[in-house]
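Data block below; observations after.
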Amino acid sequence: MSDQPERTRSDGWLSVRMRPGADREAAVSALFDAGAQGVQEVGDDLVTQFPGDTDSSALVCQLLERCPDARVDTEIVPAVDWTEQWKQGVRAHRVGRLVVSPPWLASEHDPATTIVIDPGMAFGTGEHATTRGVLRLMSDVIQPGDRVADLGAGSAVLSIAAAKLGASRVAAIELDPEAIGNAGENVERNGVADRVTVLEGDAALLLPLVAPVRVVLANIISSVLVGLLPVIADALEPDGRALLSGILQAERDDLAQVLDEAGWTILAEDREDIWWSALIALR
């Protein structure tokens, strides 16, 4: 039994480690009946936490009444600011001519070439290899004054990048209504609302409406990309380019064959981890 004080501090947690006796199921049941919200198995032990103002002595007695052959240890665990802990693991990424940064690190970089994206939102950040693949390729593709369409825009990170690289008009097309608000906030945060328009809807229907464009960005799974290739081809200007990502390296050869049969040429490729990105143009 623990020798901790009877009550723990209310700004922390009471960690409980229980070594069950003969009846493990009874020990688990006793923990849940005492108010545990979840129980983790760590080796032979059962580990859980209770609110910081829990009476530790009364809790231990309650558990031992149910499981007299068990051992119960308690420990005061200080409250942790998990947001700050998480932030420490997030970094800015320099990709090509650009930097993708969380808001709390943005001041360390040149605003003209920095894309500020809140990684707490799950709609696309520089943390993913597919995003970085497109960013690396597009640094040498986007020209001043370009018209660009970003299909499956998510957080609009690629749309913002296109504007920072000199594009004059960018259509950020996204089907997921939950992502639209985040995309709009990011566009405003990065000061490119005069060049980037966020559009909600199906890329196959909206892309023809914003065409012609010189560059199409499409970070989407390969099965969707293949279906969009004819629409992308019709939307491009004569010297147009398309940047594709979201493709597994294992799918590279099959997709390359599809592209060749559809009249596309692969101009450049990017690989990171298990992902493949490509710059393509019509022959």
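The values are calculated or read from the model by the stated rules, or taken from the named source; none is laboratory data. As the structure is a prediction and not an experimental result, all values here were calculated from the model. Note that each Cβ is placed from the backbone with ideal geometry, even for glycine, and that neighbours are counted across all protein chains shown.
Summary table
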| quantity | calculated |
| --- | --- |
| Checking L209 against (1) at pLDDT 95 or above; (2) part of a helix (DSSP H, G or I); (3) buried (at least 24 other Cβ atoms within 10 Å of the Cβ); (4) not β-branched (V, I, T), the condition it does not meet | (3) |
| Residue identified as free of Cβ contacts under 8 Å to residues at least 24 places away in the same chain and crowded, with 18+ Cβ neighbours inside 10 Å among I173, I180 | I180 |
| Selected residue [among the acidic types (D, E) and closer than 21 Å to A171 by Cβ] from D260, D234, D273, D253 | D234 |
| Any chance D253 is assigned by TED's automatic domain parsing to the domain that holds L206 and part of a helix (DSSP H, G or I) | yes |
| Among the candidates V231, V258, V226, V216, residue that is closer than 24 Å to V95 by Cα and of a type outside the set (G, A, S) | V216 |
| Members of segment 144-170 found to be surrounded by fewer than 24 Cβ atoms within 10 Å (Cβ to Cβ) and in contact with a Gly (Cβ under 6 Å, 6 or more places away or on another chain), listed by number | P144, S168 |
| Some residue of segment 216-223 being within 21 Å of the chain's Cα centre (by Cα) and part of a loop (DSSP other than H, G, I, E, B) | yes |
| The one condition in (1) touching a helix residue (DSSP H, G or I) at 6+ places or on another chain (Cβ under 7 Å); (2) surrounded by 14 or more Cβ atoms within 10 Å (Cβ to Cβ) that D273 fails to fulfil | (2) |
